[in-house]
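The values are calculated or read from the model by the stated rules, or taken from the named source; none is laboratory data. Model, not experiment: these values are computed from the prediction. In this analysis, Cβ positions are derived from the backbone assuming ideal geometry, glycine residues included, and neighbour counts consider all displayed protein chains.
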Amino acid sequence: MRKVLILGLIAVFLMVASAGFAAYPEKGVTVICPWGAGGGTDRVARFMATELEKAYGEPFVVVNKTGGGGAVGHGAGAYAKADGYNITLLTLEITTMHWMGLTKLTYEDFDYVIQINQDPSAVMVRSDAPWKGVKDLLNDVKANPGKYKFSGSGAGTIWDLSRIGMFDKVGIPVDAATWIPTKGAAPSIVELLGGHVDVITCSLPEAAAQVESGEFKALAIMADTRDTRFPDVPTLKEQGIDWSSGTFRGIAVPKGTPKEIVKSLYETCNKIVTSDAYKDFMNKNGFGIKIRNSEEFYNFCKEQDMTWKKVLELGGYAK
Amino acid sequence: MTILTIFQLKILVPWILSMGFGILVGGTPGLTATMAVALIVPISYYLDPLAGLAMILGVSFTSIFTGDIPATFLRIPGTPASGAAVLDGYELTKQGKGSLALTIDLFCSVMGGLIGVLILILIAPPLARFALKFSSFQYFWLGVFGLSMSSVLSSGNMTRGLVSALLGLLVSTVGIDITTGYPRFAFGCTELMGGIGFIPAMVGLFGISEVLKNVRSKERLLATSIEDKLKVSASETFGIIFKRKWTLIRAALIGTCVGALPGAGADIAAWVAYGLEKKTSSHPEKFGKGCFEGVIAPTSANNAALGGTWIPALVFGVPGDSITAIVLGAMMMYGLRPGPLIFQQNADLVKGIFMIALFSQLFLIPVGLIGIKIYGTILKLPRNIIMVIVLVFSIVGSFAIRNSLFDIYIMIAFGVVGYSFEKIRIPLPPMILGIILGPMIEDNLRVGLIKTAGSFIPFLTDPISMSLITLIIFTFFGSRIGGIFKLLFQNNDQDG
């Protein structure tokens, strides 16, 4: 009798356990967004959450955990329970924050699901600026150290690092131009409009209104290939500077999340990001699409982590 | 595009619904207008662009007004822009005039909003061009000017006010410094790296300190429920406003201009308007004790500032505050490009936005009155229950802003600070000003110095800076300068 009871219990337990896996998700899933409500990353997170909800039939709730230059949200995402019910909208900062001493967290603290976006940095100046191309500009900066002011966002953010990396590739010291830190791309656009700085580096779509109205001209984008939405803007590589740089976003889960769940999430997300709705959404928001699978995304983060280590050291941001 | 376009059902229904949502958001501390707009944007993608924009405009104007409701009734600002509304509004509630104060507040919000929108419609491009002239140097002085209001707000004792303001500045330095990316006063604590949240601090300083005060009170709280006249007569309301029409107009103009600057928003506008009104008043001693100017000035200014924030957004495609930052993202989703070309390429849409903004003000009257009625029932409860409600609101609000438990501790800590400060008669508003303006002053000073390679001269020579400096000198020493002139003239007379 006892044996039967034990066997019965085991059987029930196994059924529940297997049913548990088969039915992921069986309750709501939290999507942690490390950036504020209404910003670019938040918009992407909310789009993905809505689509995941449709695909899985369980609520996917976006929670904004902001602060610490991304450290708070990424930390919350990495240290959450690794049961598949906490996913994080990972951003580039996971590869830079720990070098700057903002957190102990590294890219190794996550398991990777999928990369869904990449936005290259661009070099933009006012239309009345004397420079014809990016070479012109960089030669001028080299010849007149300390004369020109660059901006794009805060110190040590991706748009600053993009500039430092570009300078390094052509042998210009980091301090040959002054970096004017701002709270983001939009305030630096105001600075450039008002003539308070000379050059900005940020993603092209962020300044699309000014480029299209002819107030700004884009000298280059820091990507491997031209952006189909701005076919006239050459890449740095075309102009002989071997440097690509930009921000990226993807989906990750805490380290140790069951493989089956990661796989299921990857397959569902992959379906979403290859859909027309996603393309349309990203296009309207001015975001670029770049998809890497779990393994490629992990390797990409690993490679980025080393790139930024070097650039952060150059900029004097590394701790 | 005719006026009827915006009165189609597909626009009108979401518009009115979003205004109802605004009552809820504004009335709940910790839920900000920015958050409301962020929540509405994903819904609005399924709608007509004008319907989406109507929802955004509706919810933002409504929640900036309704933020004043808990500020007036419970001493907890519902949104950051309502910080200044606490001062005289809550005093009036204690005198049993809470509903009257809010009705005045509502009509001033409407008038202020109208003035802001009219300025947006009539002179947006030149005002936006002017706002572009503001860079680090000018923002620095604007921040200092705002801070000089603390001397006005500290009712009598300037030293105590200064202590409070400086502590506020100190609090504002916690967290990652944007100029160098270096964490300060964070002690390795990730939560502190994001800085001390302004909303938890403000909710603690005003709300929790009031709860603590009541806990210490020797009277039985049950017996001390406030007798509030919920019926407010229109003639009394308009009489009070009409007598102070210049206060309203001045505050609305200040609000619009501050709003139009991409680096300052409705919260700063409200404080500056309040401070200036007190400074120029013939009876400054009545401020903070429940005077109507103290209600009219900040509330006209914060709603006017909303119109102002749309000026750089539409003219240059650069956000005037966090709400318009989200709006710009939403407009791109609709396939629109805010910026210099929108007036030509989407003239109809711009006209639609203007009309919706104007009519939102009119709709705000009934919606706001309903809001006052709903929240007014709270006042019928006995004090001991109201204080529990304040506590719950404070906790939920502090948590909601960043979904962070840590912010609740911050809020409680500031509650204790607020209570102790009021005990030793250190005024709280200067501290709030310090927390709001600290980053603006510090970042712009340091970034300005980076721009000038360490020289202070450009901070002094620019015409806008010089006007701001003059204003600051007059705020601090106005009365003494007047005295010196008087003295000089008297001497001359004696010599002659």
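Points worth noting:
- From the list A:E295, A:E206, A:E260, the lone residue that is in contact with a Phe, Trp or Tyr (Cβ under 7 Å, 6 or more places away or on another chain) and outside any loop (DSSP other than H, G, I, E, B) is A:E260.
- Cβ-Cβ under 9 Å pairs, at least 6 apart or on other chains, the range A:49-70 side at the interface with chain B (Cβ under 10 Å from one of its Cβ atoms), far side among the small types (G, A, S) and part of a strand (DSSP E or B): A:G67/B:G175; A:G68/B:G175
- Lone unmet requirement of (1) among the β-branched types (V, I, T); (2) surrounded by fewer than 23 Cβ atoms within 10 Å (Cβ to Cβ); (3) in the same structural domain as A:G69 (by TED's automatic domain parsing) for A:T96: (2)
- When A:D109, A:D128 are checked against the criterion of being closer than 30 Å to A:G194 by Cβ and either of a type outside the set (A, V, I, L, M) or more than 11 Å from every other protein chain (Cβ to nearest Cβ) (or both), A:D128 stands alone in meeting it.
- Boolean, B:G78 is touching a residue at least 12 places away in the same chain (Cβ under 8 Å) and either assigned to a helix (DSSP H, G or I) or over 30 Å from B:P430 (Cβ atoms) (or both): no
- Scanning the range A:280-301 for residues being loosely packed, with under 14 Cβ neighbours inside 10 Å and within 14 Å of another protein chain (Cβ to nearest Cβ) gives a total of 1.
- The number of residues in the range B:17-54 being away from every other protein chain (no Cβ under 14 Å), closer than 22 Å to B:Q361 by Cβ and hydroxyl-bearing (S, T, Y) comes to 1.
- Each residue in the range A:207-232 was checked for being buried (at least 24 other Cβ atoms within 10 Å of the Cβ) and within 14 Å of another protein chain (Cβ to nearest Cβ), and 3 of them qualify.
- Matching residues, the range B:176-203, being closer than 18 Å to B:M411 by Cβ and in contact with a Lys or Arg (Cβ under 7 Å, 6 or more places away or on another chain): B:G197
- Residue match in the range B:283-300 (condition: of a type in the set (S, T, Y) and out of contact with any helix residue (DSSP H, G or I) (no Cβ under 9 Å at 6 or more places or on another chain)): no
- Residues satisfying the stated conditions in the range B:402-448, i.e. more than 26 Å from A:I180 (Cα to Cα) and within 14 Å of chain A (Cβ to nearest Cβ): B:R402, B:N403, B:S404, B:L405, B:F406, B:D407, B:I410
- Evaluation of A:L192 against (1) farther than 22 Å from B:M440 by Cα; (2) crowded, with 24+ Cβ neighbours inside 10 Å (one fails), failing number: (1)
- The range B:167-190, residues that are modelled with pLDDT of 80 or more and buried (at least 16 other Cβ atoms within 10 Å of the Cβ): B:L167, B:G168, B:L169, B:V171, B:S172, B:V174, B:G175, B:A186
- Verdict on A:L89 being under 30 Å from B:R184 (Cα atoms), buried (at least 24 other Cβ atoms within 10 Å of the Cβ) and within 10 Å of another protein chain (Cβ to nearest Cβ): no
- Any chance B:P126 is crowded, with 24+ Cβ neighbours inside 10 Å and either under 22 Å from B:I199 (Cα atoms) or without any contact (Cβ under 8 Å) to a residue 60 or more places away in the chain (or both): no
- Set side by side, the residues A:P234, A:P173 differ, and just one is at pLDDT 90 or above and over 21 Å from A:A129 (Cα atoms), which is A:P173.
- Count of residues meeting criterion [β-branched (V, I, T) and either away from every other protein chain (no Cβ under 12 Å) or in contact with a Lys or Arg (Cβ under 9 Å, 6 or more places away or on another chain) (or both)] in the range B:327-358: 3
- Hits in the range A:139-149 (condition: crowded, with 18+ Cβ neighbours inside 10 Å and either out of contact with any strand residue (DSSP E or B) (no Cβ under 9 Å at 6 or more places or on another chain) or within 11 Å of chain B (Cβ to nearest Cβ) (or both)): A:K149
- Boolean, B:G308 is in a helix (DSSP H, G or I), more than 26 Å from B:R250 (Cα to Cα) and touching a residue at least 40 places away in the same chain (Cβ under 8 Å): no
- Every residue from the range B:94-128 that is at pLDDT below 90 and within 24 Å of B:L428 (Cβ to Cβ): B:K94, B:Q95, B:G96, B:K97, B:G98
- The number of residues in the range B:255-292 being assigned to a helix (DSSP H, G or I) and surrounded by fewer than 24 Cβ atoms within 10 Å (Cβ to Cβ) comes to 7.
- Note on the range B:177-207: residues that are at the interface with chain A (Cβ under 10 Å from one of its Cβ atoms), assigned to a helix (DSSP H, G or I) and not hydrophobic (A, V, I, L, M, F, W, C) total 2.
- Residue pairs whose Cβ atoms lie under 7 Å apart, separated by 6 or more positions or on different chains, with the first residue in the range B:1-26 and on the phi > 0 side of the Ramachandran plot and the second charged (D, E, K, R) and assigned to a loop (DSSP other than H, G, I, E, B), do not occur.
- Looking across the range A:118-136, the residues that are surrounded by fewer than 23 Cβ atoms within 10 Å (Cβ to Cβ), touching a residue at least 12 places away in the same chain (Cβ under 8 Å) and of a type outside the set (D, E, K, R) come down to A:Q118, A:V125, A:S127, A:A129, A:W131, A:G133.
- The requirement of being crowded, with 24+ Cβ neighbours inside 10 Å, more than 10 Å from chain A (Cβ to nearest Cβ) and either over 18 Å from A:A185 (Cα atoms) or modelled with pLDDT of 85 or more (or both) is satisfied by B:S300.
- Of all residues making up the range B:350-386, the number that are within 23 Å of B:K213 (Cα to Cα) and of a type in the set (S, T, Y): 2
- Residue tally, condition part of a helix (DSSP H, G or I), within 21 Å of B:E442 (Cβ to Cβ) and out of contact with any Phe, Trp or Tyr (no Cβ under 6 Å at 6 or more places or on another chain), over the range B:117-147: 11
- For the range A:162-179, a tally of residues being over 15 Å from A:L236 (Cα atoms) and either surrounded by 24 or more Cβ atoms within 10 Å (Cβ to Cβ) or not β-branched (V, I, T) (or both) returns 5.
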